[in-house]
Protein chains: 2
Amino acid sequence: MQPQPVIAVLAGNRPIVGLAELEREAEVRVTDAAGLPAALPGADILYLWDFFADGVRQAWPAADSLRWIHVPAAGVDKLLFPELAASDVVLTNARGIFDRPMAEHVLGALLHLAKDFGRAAAQQRARQWSHYGTADLAGASVLVAGTGSIGRTTAQLLTAVGLHVEGMGRTARSGDPDFGTIHASADFAVVAGQYDYIVLAAPLTPQTRGLLSRDVLAAMKPTAVVVNVGRGALADESALEDALRTGRLAGAALDVFEAEPLPVSSGLWELENVLVTPHLSGDAQNRLPALARQFADNLAAYKAGRPLANVVDKRLGFVSA
Amino acid sequence: MQPQPVIAVLAGNRPIVGLAELEREAEVRVTDAAGLPAALPGADILYLWDFFADGVRQAWPAADSLRWIHVPAAGVDKLLFPELAASDVVLTNARGIFDRPMAEHVLGALLHLAKDFGRAAAQQRARQWSHYGTADLAGASVLVAGTGSIGRTTAQLLTAVGLHVEGMGRTARSGDPDFGTIHASADFAVVAGQYDYIVLAAPLTPQTRGLLSRDVLAAMKPTAVVVNVGRGALADESALEDALRTGRLAGAALDVFEAEPLPVSSGLWELENVLVTPHLSGDAQNRLPALARQFADNLAAYKAGRPLANVVDKRLGFVSA
């Protein structure tokens, strides 16, 4: 009988869903980020149950036997450090699980902004009855930056409610089943002025960092709004705040920020044309059982010597389809 | 050459879109509600441009030549008084124009409640970063009360985003193209417990007044939410407020109220699980040109002796398809 694999589980303060089942399949070492250097030696697998945690790069020298890291999240940007990229360690993520809740969050954010429910809520607090005009989503245009599974599910949902959707990715192409036209991100400033809504749903990589630049913001319609469910650093957050504060841009719904938690000192909190949500668009809280099941399935594949699902291309920074 | 028809236009404070064009087609008498008794004698047509205005019933004895009343609104409940019903005067409304914006408003309200953006906004005002779980619309169930064009467009949009939709109307039937199953409103309390969302989009008639009764509210899931875009009096507003205040019902998005403007003293303003909007779901403010065009088209039909579009069945209280 083969020895059980050794799994270091970085749990933080989160209760580990499915722990008892895991312990039947492996030798499990539960740790926090501080304990990682002690937990890694001899471990075959690192399971980042607390996927917001830092500390893997710092503990890397202790990873003497590591063969696989699983992150139950869509974004793996915190793991794109050169030592891991250069190693043989396989990296997998939770591709698929967050697609639908994130697409619903984006649609809700577009409607929140189009119908100006923020204004309604402010009037409600003031017990003030005052009509105002709203915008239609039907026939409006939206650019979705990010052509992975989150961007595609979002595009499908927005198309279903009558928006005209186009995409943005590394390379320009046409005839895409979900996006029709996909623009190259290098052309972002050239095409940005065409859209009523711009949605950021791309992975954070060296190529996408700062994608929503000051130049792109300057090219957008002043009536346009931005929704970011990807990573805060996809946008130049300072330029974005300037544009929202001066009315250069009509509004934004931001679920992700350059620093999280968003610092109390951030000027974004106070902007009335911005909806701040605390990195919850994927609704991970209700998806812990699905995330645990996805890892258990991949662990079964690992133990059987079958290929793992959702292997991240460590050079690109995402699962390449 | 035939004499031009005489139109009394109840304008209130609203600028009349298309007035110059109307004046080429008819003798136009612009009035407010107080001036209606003086404007009606000899008038062939009453055009209620200020469709929120009262006063038609009070002025009715002055309507000595009236043949047609047009209301550029969907709901005609204020005009269902017996003298008009018993007369030969034809009543038309703005059927169709508000369908899509109202359906989008309903979808936005469902997402606002499912994603608890009200909580996000409260946290934002407190500069507080705190995760919370949200609900999915996909696979949730919704009952749409009202099987007219607004209810149908709403059902189509909610189906497109993955909700399971059923309808409620005067009589039960199955195999409906938009709703599948339609329940009889007499059975509301029997079926109310099956749904995650209940949308009120029915006309206000003697049969629908108080439809969302205390009994129906008591039968609903405690996690369910109500959206009302029809008329305030479709619900027992006091019972609804009780249910929302005690947590018997999870939330509501209310665009219409028993009294409008909603009185400053109403307890609904202060409920954190309620989104109050000031009767704007149809976004009439951006549809004034379309409303003016719809009346102009019907006026052309009137002058040519052709049948009018969107004739309300004064016994039923809505345009019967």
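Being of a type in the set (Ser, Thr, Tyr) and buried (at least 19 other Cβ atoms within 10 Å of the Cβ) is the filter here; which residues of region B:147-183 pass it? Before you say what the answer is, go through the steps one by one.
Within region B:147-183, the first condition is being of a type in the set (Ser, Thr, Tyr), and the residues that meet it are B:147, B:149, B:153-154, B:159, B:171, B:174, B:181.
Scanning region B:147-183 gives B:147, B:149, B:153, B:154.
Being within 15 Å of the chain's Cα centre (by Cα) and within 7 Å of another protein chain (Cβ to nearest Cβ) is the filter here, so list the residues in region A:277-286 that pass it.
Selection gives A:277, A:278, A:280, A:283, A:285.
Taking residue B:260 as meeting all but one of (1) within 14 Å of another protein chain (Cβ to nearest Cβ); (2) surrounded by 15 or more Cβ atoms within 10 Å (Cβ to Cβ), write down the number of the exception.
In the conditions (1) within 14 Å of another protein chain (Cβ to nearest Cβ); (2) surrounded by 15 or more Cβ atoms within 10 Å (Cβ to Cβ), residue B:260 misses (2) alone.
Output the number of the condition that residue A:319 fails; it satisfies all remaining conditions of (1) within 24 Å of residue A:108 (Cβ to Cβ); (2) hydrophobic (A, V, I, L, M, F, W, C); (3) away from every other protein chain (no Cβ under 14 Å).
(1)
How many of the residues making up region B:83-107 are in contact with a Gly (Cβ under 7 Å, 6 or more places away or on another chain) and farther than 18 Å from residue B:311 by Cβ?
Initial filter on region B:83-107 (in contact with a Gly (Cβ under 7 Å, 6 or more places away or on another chain)): B:98, B:101-102.
Going one step further and asking which of them are farther than 18 Å from residue B:311 by Cβ, we end up with B:101-102.
Within region B:83-107, residues that are in contact with a Gly (Cβ under 7 Å, 6 or more places away or on another chain) and farther than 18 Å from residue B:311 by Cβ number 2.
Residues are listed down the side, and each one gets a yes or a no for (1) surrounded by fewer than 19 Cβ atoms within 10 Å (Cβ to Cβ); (2) out of contact with any Leu (no Cβ under 7 Å at 6 or more places or on another chain); (3) at pLDDT 95 or above:
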residue: B:48; (1), (2), (3): no, no, yes
residue: B:54; (1), (2), (3): yes, yes, no
residue: B:59; (1), (2), (3): no, no, yes
residue: B:67; (1), (2), (3): yes, yes, yes
residue: B:78; (1), (2), (3): yes, yes, no
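Across region A:143-177, what is the number of residues that are among the polar types (S, T, N, Q) and either touching a residue at least 24 places away in the same chain (Cβ under 8 Å) or touching a His at 6+ places or on another chain (Cβ under 7 Å) (or both)? Outline the logic, then answer.
Initial filter on region A:143-177 (among the polar types (S, T, N, Q)): A:147, A:149, A:153-154, A:156, A:159, A:171, A:174.
Filter once more, so that each one left must be either touching a residue at least 24 places away in the same chain (Cβ under 8 Å) or touching a His at 6+ places or on another chain (Cβ under 7 Å) (or both): A:147, A:149, A:153-154, A:156.
Residues flagged as among the polar types (S, T, N, Q) and either touching a residue at least 24 places away in the same chain (Cβ under 8 Å) or touching a His at 6+ places or on another chain (Cβ under 7 Å) (or both) within region A:143-177 amount to 5.
With region B:180-254 as the region, which helices (runs of 4 or more DSSP H) entirely inside it contain at least 2 residues that are of a type in the set (Gly, Ala, Ser)?
Hits in region B:180-254: B:214-219, B:237-245.
Within 23 Å of the chain's Cα centre (by Cα) and part of a strand (DSSP E or B) - does that describe any residue in region A:256-271?
Within region A:256-271, not a single residue is within 23 Å of the chain's Cα centre (by Cα) and part of a strand (DSSP E or B).
What single numbered condition from (1) in contact with a Lys or Arg (Cβ under 9 Å, 6 or more places away or on another chain); (2) more than 15 Å from residue B:282 (Cα to Cα) fails to hold for residue A:110?
Tallying (1) in contact with a Lys or Arg (Cβ under 9 Å, 6 or more places away or on another chain); (2) more than 15 Å from residue B:282 (Cα to Cα), residue A:110 fails exactly one: (1).
Among the residues of region A:209-233, count how many are among the basic types (Lys, Arg) and closer than 12 Å to residue A:199 by Cα.
Quick first cut of region A:209-233, residues among the basic types (Lys, Arg) only: A:209, A:214, A:221, A:231.
So of that shortlist, the ones also closer than 12 Å to residue A:199 by Cα come out as A:231.
Here the count works out to 1.
Given (1) within 14 Å of chain B (Cβ to nearest Cβ); (2) surrounded by fewer than 22 Cβ atoms within 10 Å (Cβ to Cβ), where does residue A:186 come up short, assuming only one miss?
Just one mismatch for residue A:186, condition (1).
The values are calculated or read from the model by the stated rules, or taken from the named source; none is laboratory data. Note that the structure is predicted; figures quoted are calculated from it, not measured. Heads up, the Cβs are rebuilt from the backbone with ideal geometry, glycines too, and the neighbour counts pull from every protein chain shown.
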